[in-house]
Amino acid sequence: SQLVLCFSSLCAHVYVACAWQFPEVVELNVGGHFFTTRLSTLRKDENSMLAAMFSGRHCIDRDSSGRYFIDRDGGENFAPILNYLRHGELPRVERALDVYREALYYNLEGLITWCETQPNVIAGMMYKHAREWLGPSYDVFKNKLLESAQKRFTTNPESYLDDKTGYFDLTFAFTRPSKQPGKQPATNGISLGNGVVIPTSSQQPAQKCTEHTFAQDTPKFDAVLPTGLDLDMTLNFLRRDFHEAGLSTEWSPIYSYFKSTCQVCHIRVYFLY
């Protein structure tokens with residue numbers, strides 16, 4: 001019982017020390033950026049993470065200069081948080097998406113609600129939900145195209161660095177479902193650049209898909225769009241993901257191939273400078 005009492009006294013002592021460590025004017029280090037504000041400002045929204053952090057119930061790490069450290073991006077993203085807490089100032093509309101992420105982290109419900117009415121935040125939320133809907137099969141498809149792009153470039157990089165000819169073409173194939181119930185596509189498979197043939201129907205075993213099922217002028221595709229992925233949505237995501245990888249893309253018209261059961265899309269890829 002004495003041991004329990006001593007331990008309880010120690011916990012109480014630590015709690016009191018933490019509760020009394022915050023001055024009225026608080027100096028913060030948020031990801032290497034320094035801010036000064038009042039303790040009452042940090043506690044203003046009682047349901048926020050900042051209010052909980054500086055409530056006295058938690059000890060907070062300090063940097064070498066004694067500033068209270070918060071491990072977040074404090075560049076342009078934390079000042080709007082403080083200004084909102086100080087006097088309800090809302091960020092510029094073009095900054096809404098970045099501030100929204102921080103508002104979610106600090107659980108500032110009023111700021112979250114405002115951000116979710118802004119166009120760029122709505123678009124970001126739609127992107128996130130659509131990206132989740134595409135699932136992992138899109139990532140496999142995208143990575144296969146990016147790998148093909150990387151191989152093209154590393155094979156002869158000098159030819160792609162000229163403003164007039166600095167591009168190459170990627171192609172991928174996709175199948176259209178038959179309009180007649182129960183009818184299978186007319187093709188047995190799609191030939192990839194590495195000689196592998198992918199069946200266009202899940203009911204056809206791969207071993208039956210051989211090269212002789214194609215005409216002699218059959219193109220070699222860089223990838224095959226997975227069944228179930230929406231083509232237009234996939235193209236929109238590819239534009240964005242290729243751009244993030246330092247590539248600019250153009251899309252040629254899609255043309256029918258193999259009696260309209262299989263179609264091909266050409267992607268012209270430019271390197272960004």
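The values are calculated or read from the model by the stated rules, or taken from the named source; none is laboratory data. This structure is a prediction, so every number in the text was calculated from the model and none was measured. Quick reminder, even Gly has a Cβ in these numbers, built from the backbone with ideal geometry, and neighbours come from all protein chains shown. Only protein heavy atoms, including side chains, enter the accessible area calculation; ligands, DNA and RNA are left aside. Shrake-Rupley method; radii C 1.70, N 1.55, O 1.52, S 1.80 Å.
Structure above, values below:
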quantity: Which numbered condition THR37 misses (of (1) at pLDDT below 95; (2) β-branched (Val, Ile, Thr); (3) not in a loop (DSSP other than H, G, I, E, B)); calculated: (1)
quantity: Residues of segment 113-129 satisfying the condition of being open to solvent by 20 Å² or more (accessible area, probe 1.4 Å) and part of a helix (DSSP H, G or I); calculated: THR113, TRP114, PRO119, ASN120, ILE122, ALA123, GLY124, MET125, MET126, TYR127, LYS128, HIS129
quantity: Residue in segment 246-259 that is modelled with the lowest pLDDT, counting only those that are exposed (fewer than 14 other Cβ atoms within 10 Å of the Cβ) and not aromatic (Phe, Trp, Tyr); calculated: LYS259
quantity: Selection count where residues are over 21 Å from the mean Cα position of the chain (by Cα) and assigned to a helix (DSSP H, G or I), scope segment 94-112; calculated: 3
quantity: Check on GLU46, open to solvent by 80 Å² or more (accessible area, probe 1.4 Å), modelled with pLDDT under 90, under 28 Å from THR113 (Cα atoms) and not aliphatic (A, V, I, L, M); calculated: no
quantity: Of all residues in segment 134-149 being part of a helix (DSSP H, G or I) and free of Cβ contacts under 8 Å to residues at least 12 places away in the same chain, the one that is nearest to ASN236 (Cα to Cα); calculated: ASP139
quantity: Candidate set: segment 49-81, residues that are of a type in the set (A, V, I, L, M) and part of a helix (DSSP H, G or I); chosen: the one surrounded by the most Cβ atoms within 10 Å (Cβ to Cβ); calculated: ILE81
quantity: Lone unmet requirement of (1) touching a Phe, Trp or Tyr at 6+ places or on another chain (Cβ under 8 Å); (2) open to solvent by less than 40 Å² (accessible area, probe 1.4 Å); (3) more than 30 Å from ARG268 (Cβ to Cβ) for LEU145; calculated: (3)
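Every residue, every condition in (1) in contact (Cβ under 8 Å) with a residue 40 or more places away in the chain; (2) closer than 30 Å to THR234 by Cα; (3) in contact with a Leu (Cβ under 9 Å, 6 or more places away or on another chain), yes or no:
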residue: THR37; (1), (2), (3): yes, no, yes
residue: SER48; (1), (2), (3): yes, no, yes
residue: ASP61; (1), (2), (3): no, no, no
residue: ARG67; (1), (2), (3): yes, no, yes
residue: ARG72; (1), (2), (3): yes, no, no
residue: LEU85; (1), (2), (3): yes, no, yes
residue: ARG92; (1), (2), (3): no, no, no
residue: GLU116; (1), (2), (3): no, yes, no
residue: MET126; (1), (2), (3): no, yes, no
